[in-house]
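The values are calculated or read from the model by the stated rules, or taken from the named source; none is laboratory data. None of these values were measured; they are calculated from a predicted model. Note: ideal-geometry Cβ built from the backbone for every residue, glycine included; neighbour counts use all protein chains shown.
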Amino acid sequence: MRILHIIPTLRKGGAERLALDICIELSKREGIDVALIVLSNENNYPALADKAFVKFIPSKVVPSLTGKTVVAINELMNFIHQFKPDIIHSHLFEAEMVSRYQLIKGIKYFSHCHDNMHQLSPFTFSTLFNKKLLTQYYERIIMLRQYKKCNNSFVAISRHAEQYFRNVLPDYFSKRIFLLHNAIQLSNFSSALRARNSMPLRLINIGSFVAKKNQQLLPDVVKYLTENGCDVELTMLGDGPLKNAVTDKVKSLGLEAKIHLPGNVEDVPAHLAQANIYVHAATYEPFGLVLIEAMAAGLPVVCLDGGGNRDIMEQNKNGIMVHQQDAKVFAEAILHIANNPTIYNEMSAYAAQYAARFDIKPYVDRLLELYRG
């Protein structure tokens, strides 16, 4: 079987990491020939992306209501004709448009629903008065037409995402939407039993600094903890447009010695191994791959309800989900775990055990069943 995955970039993110992990696992399987097309040369995974199956092919399709549609896919289509895939599996909306613009008979097409693609939202009255929404609705018309032509299948990463796509797609596709929770390379993360009997309390957060990740809440959490006698440190890994705003807030609260922002790093498992609790303040989370990685490293999780992460949080078993965006409530959840060694040790052990369900090997087994079905 010949399988082609397509993704816009290899910037740091859950979709990008999953696509790489899928292709790495597929490349180990007998009888499978896999390729991963990346549409731009942005690459934050140099060690992983230096694989023979990764190809950088600049491509884009930009629809226009005014007749100025941009189509630059010749090199991509040449590769597809040479590779002759049985499966084309796309990740994120830019790859959807590029890979579906010219369909090829005999290929099965799969769309990975990493988030709620707003471009597929149905028409509303406000669409008429907003150029961006009108353009997105035009993209929806194009994509629904192409999806129907190729009998497209959809892979949803959480029940939250699955329900969104069942709501926005016509009933025609209802039997072609499949729930398949994300997975990780479990062997990369140590799950040695931890004990919460040392200070300082080491918290860690990982993610792009964008609005939905809501890292602005975490300095307030650390401030509350320190004011209540907790010796605590927080490491926030990642980069993004709002990192400077978070850095400024850390300075304004006088927490430079308590909160560390090293940016993107290669050795994420090593940082997790040094932490005690994983904290996640995202207000919208399609799934939460990084939560599974933290659990695999034996970390209890404290997070907000982001929608998709409801699928992986078992309250008071692998962590605590907080339902109020309130720094005090969030901090008190951390203290409940940190100040009770028995609770901490039970959560740590259960988190590691729970994360084992999300290993990439059985995940790819299931994905191959979908491809062949």
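Data table
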| item | result |
| --- | --- |
| Residue ID - surrounded by the fewest Cβ atoms within 10 Å (Cβ to Cβ), chosen from residues in region 217-250 that are of a type in the set (S, T, N, Q) and more than 26 Å from Glu266 (Cβ to Cβ) | Asn228 |
| Any hit, region 334-344, residues being among the hydrophobic types (A, V, I, L, M, F, W, C) and within 20 Å of Asp115 (Cα to Cα) | no |
| Subset tally (residues that are assigned to a helix (DSSP H, G or I) and either in contact with a Cys (Cβ under 9 Å, 6 or more places away or on another chain) or not basic (Lys, Arg) (or both)) for region 158-181 | 12 |
| Among residues of region 322-349, those that are farther than 30 Å from Gln216 by Cβ and not polar (S, T, N, Q), counted | 3 |
| Failed criterion for Lys84 (all others in (1) over 30 Å from Ala282 (Cβ atoms); (2) buried (at least 18 other Cβ atoms within 10 Å of the Cβ) hold) | (2) |
| Some residue of region 114-137 being touching a Pro at 6+ places or on another chain (Cβ under 7 Å), more than 15 Å from Thr69 (Cβ to Cβ) and β-branched (Val, Ile, Thr) | no |
| Single unsatisfied condition, Cys230 versus (1) part of a loop (DSSP other than H, G, I, E, B); (2) under 22 Å from Gln324 (Cβ atoms); (3) touching a Ser or Thr at 6+ places or on another chain (Cβ under 7 Å) | (3) |
| Hey, Phe330 in the same structural domain as Asn205 (by TED's automatic domain parsing) and in contact with a His (Cβ under 8 Å, 6 or more places away or on another chain) or not | no |
| Spans of helices (runs of 4 or more DSSP H) in region 24-126 with at least 1 residues of a type in the set (Lys, Arg) | 93-100 |
| Single residue of Ser64, Ser90 found to be in the same structural domain as Leu20 (by TED's automatic domain parsing) and either surrounded by fewer than 16 Cβ atoms within 10 Å (Cβ to Cβ) or modelled with pLDDT under 95 (or both) | Ser64 |
| Count of residues meeting criterion [outside any helix (DSSP H, G or I) and either within 19 Å of the chain's Cα centre (by Cα) or surrounded by fewer than 17 Cβ atoms within 10 Å (Cβ to Cβ) (or both)] in region 251-275 | 12 |
| Index of the failed condition, Asn345 passing every other in (1) outside the structural domain of Gln215 (by TED's automatic domain parsing); (2) out of contact with any helix residue (DSSP H, G or I) (no Cβ under 9 Å at 6 or more places or on another chain) | (1) |
| Where Ala282 falls short, out of the listed (1) of a type outside the set (Ser, Thr, Tyr); (2) in contact with a Cys (Cβ under 9 Å, 6 or more places away or on another chain); (3) surrounded by fewer than 17 Cβ atoms within 10 Å (Cβ to Cβ) | (3) |
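For (1) modelled with pLDDT of 95 or more; (2) within 20 Å of Phe330 (Cβ to Cβ); (3) not small (Gly, Ala, Ser), each residue gets a yes or a no:
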| site | (1), (2), (3) |
| --- | --- |
| Asn197 | no, no, yes |
| Val221 | yes, yes, yes |
| Glu256 | yes, no, yes |
| Glu266 | no, no, yes |
| Phe287 | no, no, yes |
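The rows are residues; the columns are (1) among the small types (Gly, Ala, Ser); (2) surrounded by fewer than 23 Cβ atoms within 10 Å (Cβ to Cβ); (3) in contact (Cβ under 8 Å) with a residue 24 or more places away in the chain; (4) in the same structural domain as Val98 (by TED's automatic domain parsing).
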site	(1), (2), (3), (4)
Ile7	no, no, yes, yes
Glu16	no, no, yes, yes
Ala19	yes, no, yes, yes
Lys28	no, yes, no, yes
Ile37	no, no, yes, yes
Ser40	yes, yes, yes, yes
Tyr45	no, yes, yes, yes
